[in-house]
Amino acid sequence: MLENFIGKSQMAAILSYCKGEEGEFYRAMLEKLENQIATMPKTYETDGQGEAAFATLHYFYGGSDWWIVEKDEGSPDDTLQGQQLQAFGFACLNGDKENAELGYINIEELISNGVELDLYYTPQTIGAIMERLGKL
């Protein structure tokens, strides 16, 4: 499941740490992350929650940030059945707080463009994120 949410190079780095002195710490981190992803809301499950919806994951690259609220549930009609392609969340691109917005985010596209999953992120509400950015 994690391969749909973490880029290959970031995952390779994490797995290399699992073999070292701090291996237990990184194995526990991966297990916690798998559990977070497995239990996070699917498409439309947070509909109507607005700023009270929790962002479970945070991606970053340069001055851009993406906070993921819902993962794609998928459909039997999907050509890439079982593959995580779309998510819903909040994005702030290139530090442009004025135009930061909620919307659909393609996880596969993010990863293919070198974003990193924030391994130390603590889930928080979209409202708290917006407040910190000065959007509220």
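Tabulated results
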quantity: Single unsatisfied condition, E24 versus (1) under 18 Å from the mean Cα position of the chain (by Cα); (2) open to solvent by 60 Å² or more (accessible area, probe 1.4 Å); calculated: (1)
quantity: Checking W67 against (1) outside any strand (DSSP E or B); (2) at pLDDT 95 or above; (3) of a type outside the set (K, R), the condition it does not meet; calculated: (1)
quantity: Breaking point among (1) surrounded by 13 or more Cβ atoms within 10 Å (Cβ to Cβ); (2) more than 18 Å from Q86 (Cβ to Cβ), for A55; calculated: (2)
quantity: Contacts under 7 angstrom Cβ, first residue in the range 1-25 being touching a residue at least 24 places away in the same chain (Cβ under 8 Å) and more than 19 Å from F60 (Cβ to Cβ), partner open to solvent by 60 Å² or more (accessible area, probe 1.4 Å) and assigned to a helix (DSSP H, G or I), 6 or more apart; calculated: M1/E34
quantity: Matching residues, the range 102-134, being among the acidic types (D, E) and open to solvent by less than 90 Å² (accessible area, probe 1.4 Å); calculated: E108, E116, D118
quantity: Answer residue from the range 27-51, given it is free of Cβ contacts under 8 Å to residues at least 40 places away in the same chain and of a type in the set (S, T, N, Q) and is most open to solvent (accessible area, probe 1.4 Å) among those; calculated: T39
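The values are calculated or read from the model by the stated rules, or taken from the named source; none is laboratory data. Computed from a predicted structure; not experimentally measured. No Cβ is skipped: glycine too gets one built from the backbone with ideal geometry, and neighbour counts run over all protein chains shown. The area values use the complete protein model at the heavy-atom level, side chains included, leaving out ligands, DNA and RNA. Shrake-Rupley method; radii C 1.70, N 1.55, O 1.52, S 1.80 Å.
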